[in-house]
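Structure record follows, encoded as structure tokens.
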Amino acid sequence: MCEKSVLSLFSIFNIYFVLSYILTRNMPGILHDINEPCQKATFGMGCFWANDALFGATHGVLRTRVGYSGGTSPNPTYKNISDHTEVTEIDYDPSKISFGELLDLFWANHEYGFVTPIKKQYASLILYHNNEQKELAELSLKKKLITYDSKITTEILPADTFYAAEDYHQKYRLQQHPLIYETLGLTSELLQFSHAATKLNGYVAGVGSKKDLEKDLAELGLPDVVADYVRREWRENEGGTLYC
Ligand SMILES: *[C@@H]1O[C@H](CO)[C@@H](O)[C@H](O)[C@H]1NC(C)=O
């Protein structure tokens, strides 16, 4: 009797330990919040799942989220995007990556190019957040015009209201991996603002360098089994397409 109750207490404790390990939301030790000074950049380059992953794994990018912007109609949704464009909003540390370097990634990674006319949802779009970004964006467009004699469709506009996309679009690549999703305890808020989710969403899609991957894995506070899983996914998907 006594022995049994000791045993059952022990196993209850065990179950509690295992369950809380699996179910804990916002695991302590996981690097969700990072408080570096940052600036925003917003780009439309085709389907936003791809760019969420591309920029997420880029050194100096702290957080990304996807949404709808560039239009005038209120409260766009995926089903009714209206006159808006799919965009990725990037929080970056300007001491680690410049807006010029982000622009290089912008020009090099369009899903449908920037010459072929395409519906507004997938338009090539730079939404600038200050005068410096505006000038750099316009200068980069001028340089492209020297190379491409056909008309470039890219528009450069001031950033206005950003409407976050539905949760199932945020960190879309990462959401295909329940092990990581559960480990990070991703809530609606974390899907848009977690540093760890931003980085891992790129790495599981095979983006980023081995060096950055290892540096981030050392900092993100993941259990070893999850870090190994991310390494394997990165290796298997490296060089694959990001496009939707
Ligand atoms: C889509 O959004 C526009 C602009 O907000 C609105 O006028 C229209 O009624 C919406 N259409 C549907 C089917 O909800």
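Where does the stretch 140-192 land on Rg/Rh, using Cα atoms and the Kirkwood Rh?
When Rh is taken as the Kirkwood radius, the ratio is 1.26.
Annotation: aspartates and glutamates with alpha-carbon distance below 15 angstrom to Lys79 (same-chain offsets under eight excluded): Glu166, Asp167.
A P(r) calculated from all alpha carbon pairs of the chain, with 10 Å bins opening at zero, reads 7, 30, 32, 18, 7, 4, 2, 1, 0 percent. Across the alpha-carbon atoms of the stretch 103-196, the computed radius of gyration and Dmax are 16.9, 50 angstrom. Compared with the dominant Cα axis of the chain, that is its longest principal axis, helix 2-23 is turned about 0°.
Based on DSSP H segments of at least four residues, each scored -39500 (n - 2.57), the chain has a per-residue ellipticity at 222 nm of -13500 deg cm²/dmol. Legend: P(r) of the stretch 39-164 from all alpha carbon pair distances, 5 Å bins from 0, whole percents, reading 2, 12, 23, 25, 22, 12, 5, 0.
Relative to the longest principal axis of the Cα atoms of the chain, the long axis of helix 224-237 lies at roughly 40 degrees. Here the gap between Ser150 and Ala108, fully extended at 0.36 nm per residue and compared with their Cα-Cα distance, gives a gain of 13.4 nm. Considering the stretch 94-147, its Cα convex hull presents a mean projected area of 4.3 nm². Cα convex hull, the stretch 169-237: 76 Å³ per residue, rounded to a whole number. When only the Cβ of Lys, Arg, Asp and Glu is charged (+1, +1, -1, -1), the dipole of the chain relative to its Cα centre reaches about 320 debye.
Read-outs: derived from the displayed coordinates by stated rules, not from any lab. All values reported here derive from a predicted model rather than from experimental measurement. Glycine gets a Cβ as well: all are built from the backbone with ideal geometry, and neighbour counts include every protein chain shown.
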